[in-house]
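A.B. asks: Here's a structure for you.
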Amino acid sequence: MDLMHFTKYLGTLQWFYVVVLFVLNVFMPRTGCENAQDFQKNIPVRLIWAAQSKDVELPCDVTSPIPNDSAKLVLWFKDSTGIPLYSLDSRGGGSLKLATHSALASDLGQRLYFSAEDNPKDARLQIRNVKLSDGGVYRCRVDFFNSATRNLRVNLSLVVPPEEPRIFDAQGKEISHIAGPFREGHELFLSCQVTGGRPQPKVTWWREGVEISGTSHPSADEGNPAMLNQLFISTVTRDYYGSKLECRAQGSNLIEPVVKEITVQVHLKPIKIKIVSANDLLIAGKSVPLRCETWGSFPPAKVTWLLDGEPIRNADVTAHSDNSPDGNMTVSILNLKVSSENDGAELICRAANPWFSGGAIDDKRIISVAYPPTVSVHLANEDPSRVVTRSERENVTLKCRADARPPVASYSWFKNDMRMSGENTETLHLTQLQRESGGNYACGAQNSEGETRSTTLTLQVQFAPRCKPGTEQTSVGAINMHSIPVRCEVEADPPETIRFSWTYNNTRNVSPVLNSRITSNGLISTMTYLPQSDVELITLACWASNAVGHQSQPCLIHILPAKTPEPPKSCELRNDTILEVVCVAGYDGGLTQHFLLEVVGGNPIYSTEVTRVGQDIIDNEISTMNDQATTAPLRRLKETIPEFKLHDLEPGREYQFLVYSVNAKGRSQPPVIMNGRIYGDTQGPHDETSQLEDPTPAETSNQDKQKQSTMVILAAVVAAGAVVITSIIVAGIVVVCKHRPKPPEPQEVRKRMRPARTDVPSMYAEDDGFNDEFTADIRCTRTLGTRSSRYTSEGFVQYSQPSLNDPDLILPRGEIEFTSTGGTGA
């Protein structure tokens, strides 16, 4: 028989012996403590925990109670089963290590093995790959050779892992992955709850492998027993940011703890801020980027910029966040455009986490701005008025105030937008103001950043009245016994208080004009003069005064005998788009004139000796058919200016055009004459309807010769007549001056001019300065035959001005009629 069959044979004999012992225990009569139930109760039980799928060892002490004795048989039973699961038989003698091992042929028996160590107390039954069904009460029976049998009980319990922990926040909300957010410096509360498990698990909190102290106690979850551990941290520090917390549940070391891990989210305050851009000089109006960095805030800090404590509105800001070794970093770039007002301002970069109140941090700097001058002009006495009023001959000083960085290098002054030469300081002195000094003044200042001009300050120079330019001396033609309006216009400032007075001056004396005869409206004064002679030359002087003073030179109106007007000049016939006759006005004869065009049809009415267009006509023998009432004009046009437009003339005919100047004295003679032919559409040149016919060359030659002869004869006649007339006039004046009675003294004149009422002041002041010699000079001025332009002497201008204080100059009725032709009256 081979070894394998022999081993099986021995095993069979061994199990047969075990069965015999089992039968004997069952069927043999038992008494007292040999009762099986009582026997089980009296055996102490030792609790052994085992983890499923792992190995476990059940102890069995095989030490003999008496010396020199040893175990001969070891049997293992499970629960109340009478059949042993495993046996170790050494009854044949020898050590247990050499004993025969037998196991029940089952799944459990196949995983059992009894280990007899050198020390009998350490003997144990090993169960490999524990299964859930392996749990129960195991009994170890040890039979000795000489000692009584010993029974040991072991309660094999399988460890059951708990369910996954559940974590809740302070509001009872279950947390899956991220807890929070919590705030730096504030408290943190978390609760971990675990149900199930055998033995009852221990629940703990761990952070980075270190257990955190919490409060653990049993609880009930919907009636199920549970373990609860509450974690409370009174002050959350920055190092909790992004850290991992674990809740562990473990009932036995035989199995790994059940772990729930979460990430703690902590909101952090910013801890550092800095404006990293260099604090350079800024340029007004130019945008410059400024960089500000802040660290340590989560979520990223909100960065704001302030200038002098006020947020910068509509700022161009770029912000982004980075993770840096120093913590979360936020960068803000401000494109700052400054003005001159920002020089010396405080620039602030502020970082704040909205989750915290009062946790903002700042970085500050004082900025310097380079800017062109800010300029203003004002009076030297700091008067803020923008309109300055001064009178003539006064002085005024203007000052230019400039604010600039860098300082102003040069100044300039402007009047009416024109640069004033020689003025390059901050002060402008205007002395002895004249009317021309008025205007809009501005100053300019310049530095390296540019040149700036101020707004204007208006200087108004008030002045005494003066004649309106072009009206200092005018001539008015007069017709005997025909009233003529005389007008005087002045310039003055202020115009509101202006008052007018007039004087009447002939070859004999100067007389005032009654205020009642004067009509004034603003800067214009008018009166009506009735000439009573065609030969006497009269001069009217217009005076005015205002709050500034009296007019220094009067406006002179010379009343001259009217004449017929001169003929128009440079007449021409135009045919651009319409037939026109255009001339230049000649002298009006001293009266208002108008112009007359007569169109005569048929053959030329004047003789062939007519002067060409635009030349004066000298032939006194010329007459017109119209003057002889032989032919009526086809057209007669009247215009205020010598320009006439002709319509609807019949084509194919020759026409004669006569142009006159006309005033109250009559027409100009002879008229200006032009000949022309009006062509139809098929007769004349293309695009023309009229043609001016010039005389033939032969005719032109004859006319030129005749004109030259006529001019020579006329010149000789005029020269001779002038000599004769001048001799007669000089002789007559000499005779008159010799036989003329002596004029009255100036005192007598003043007596005559003195008003009848004694309550009205005299027209003449006591210091008028009239003297006999000067009076005589005035009366004989005309003896030399001087013309009207030289009529008013310097003495007249000096003391012929009347008093302007009288409300109305009252003279004896009929004393002055403005019609003097002789005598001593006015």
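A.B. asks: Please give the net charge around residue 480, taking every other residue with its beta carbon less than 12 angstrom from that of residue 480, where Lys and Arg add +1 and Asp and Glu add -1.
C.D. replies: Details: positive: 665; negative: 534, 536.
Overall, the nearby charge balance is -1.
A.B. asks: Within the stretch 349-436, which GluC sites (Glu not before Pro) sit in a loop by DSSP and count at most 11 neighbouring Cβ atoms inside 10 Å?
C.D. replies: On the way: sites: 382, 392, 394, 423, 426, 436; in loops: 382, 392, 394, 423, 426.
Sites meeting the loop and neighbour criteria: 382.
A.B. asks: How are the alpha carbon pair distances in the stretch 261-408 distributed across 10 Å bins from zero to the largest one, expressed in percent?
C.D. replies: Calculated over all Cα pairs of the stretch 261-408, the distribution is 10, 30, 21, 15, 11, 7, 4, 2, 0, 0 percent.
A.B. asks: Would you work out the relative contact order for the stretch 508-557, in percent, from Cα pairs under 8 angstrom that are 6 or more residues apart? Each step should come with its number before you reach the end.
C.D. replies: Numbers: 29 pairs, mean separation 10.8, N = 50.
Averaging sequence separation for qualifying contacts and normalising by length gives 22 percent for the stretch 508-557.
A.B. asks: In addition: Just the accessible area for residue 272, please: 1.4 Å probe, Å², rounded to the nearest 10?
C.D. replies: It works out to around 110 Å².
A.B. asks: Please compute the per residue accessible area over the stretch 324-437 with all protein chains in place, 1.4 Å probe, rounded to a whole number of Å². Please list the in-between numbers first.
C.D. replies: Working: 6040 Å² over 114 residues.
Counting only protein heavy atoms, the per-residue value for the stretch 324-437 is 53 Å².
A.B. asks: With the full set of protein chains in place, find how many percent of the accessible area of the stretch 83-221 is carbon and sulfur; take the probe as 1.4 Å.
C.D. replies: Numbers: 3370 of 7030 Å².
Roughly 48 percent of what the probe reaches on the stretch 83-221 is carbon or sulfur.
A.B. asks: With a cap of 12 neighbouring Cβ atoms within 10 Å, and only residues DSSP puts in a loop, list the GluC sites (Glu not before Pro) found in the stretch 152-209. Write down the numbers at each step before the final one.
C.D. replies: Values: sites: 163, 174, 184, 187, 208; in loops: 163, 184, 187, 208.
Those that pass, being in a loop and sparsely packed, are 187, 208.
A.B. asks: Sticking with this structure for a sec: Let me check something: with ligands and nucleic acids excluded, how do 660, 241 order by accessible area (1.4 Å probe), largest to smallest?
C.D. replies: Values: 660 0, 241 90 Å².
Ranked from most to least accessible, the order is 241, 660.
A.B. asks: If you wrap a convex hull around the alpha carbons of the stretch 139-298, what volume per residue comes out, as a whole number of Å³? Display every interim value, and only then the final one.
C.D. replies: Details: hull volume 29.1 nm³, N = 160.
It is 182 Å³ per residue.
A.B. asks: Are any of the pairs 337/364; 97/121; 468/638 more than 20 Å apart by Cα-Cα distance, and if so, which? Before the final figure, lay out each step's value.
C.D. replies: Working: 337/364 17 Å; 97/121 14 Å; 468/638 31 Å.
Table pairs above 20 Å Cα-Cα are 468/638.
A.B. asks: Still on this structure: What figure, in Å² to the nearest 10, do you get for the accessible area of residue 420 with a 1.4 Å probe and non-protein molecules left out?
C.D. replies: My reading of the accessible area for residue 420 is about 40 Å².
A.B. asks: Heavy-atom accessible area of residue 254 with all protein chains present, probe 1.4 Å, nearest 10 Å²?
C.D. replies: 70
A.B. asks: Using DSSP to call loops (not H, G, I, E or B), can you name the chymotrypsin sites (Phe, Trp or Tyr not before Pro) in the stretch 83-135 whose Cβ has at most 10 other Cβ atoms within 10 angstrom?
C.D. replies: On the way: sites: 86, 113, 114; in loops: none.
In loop regions of the stretch 83-135 (DSSP not H, G, I, E or B), there are no sparsely surrounded chymotrypsin sites (Phe, Trp or Tyr not before Pro).
A.B. asks: Go through 234, 155, 191 and say which Cα lies farthest out towards the positive end of the charge dipole of the stretch 151-243; charges sit on Cβ, +1 for Lys and Arg, -1 for Asp and Glu.
C.D. replies: Sorting the options by dipole projection puts first 155.
A.B. asks: By the gyration tensor of its Cα atoms, with a ≥ b ≥ c the square roots of the eigenvalues, what is the shape of the stretch 208-319: rounded for a/c under 1.5, prolate for a/b over b/c, or oblate? The partial results should precede the final answer.
C.D. replies: On the way: a/c = 4.68, a/b = 3.64, b/c = 1.29.
Prolate, since a/c reaches 1.5 and a/b exceeds b/c.
The values are calculated or read from the model by the stated rules, or taken from the named source; none is laboratory data. Only a predicted model underlies this, so the values are computations on that prediction, with no experimental measurement involved. As a convention, Cβ positions derive from the backbone with ideal geometry for all residues, glycine included, and neighbour counts pool all protein chains shown. SASA here: full protein model, heavy atoms, side chains in, ligands and nucleic acids out. Shrake-Rupley method; radii C 1.70, N 1.55, O 1.52, S 1.80 Å.
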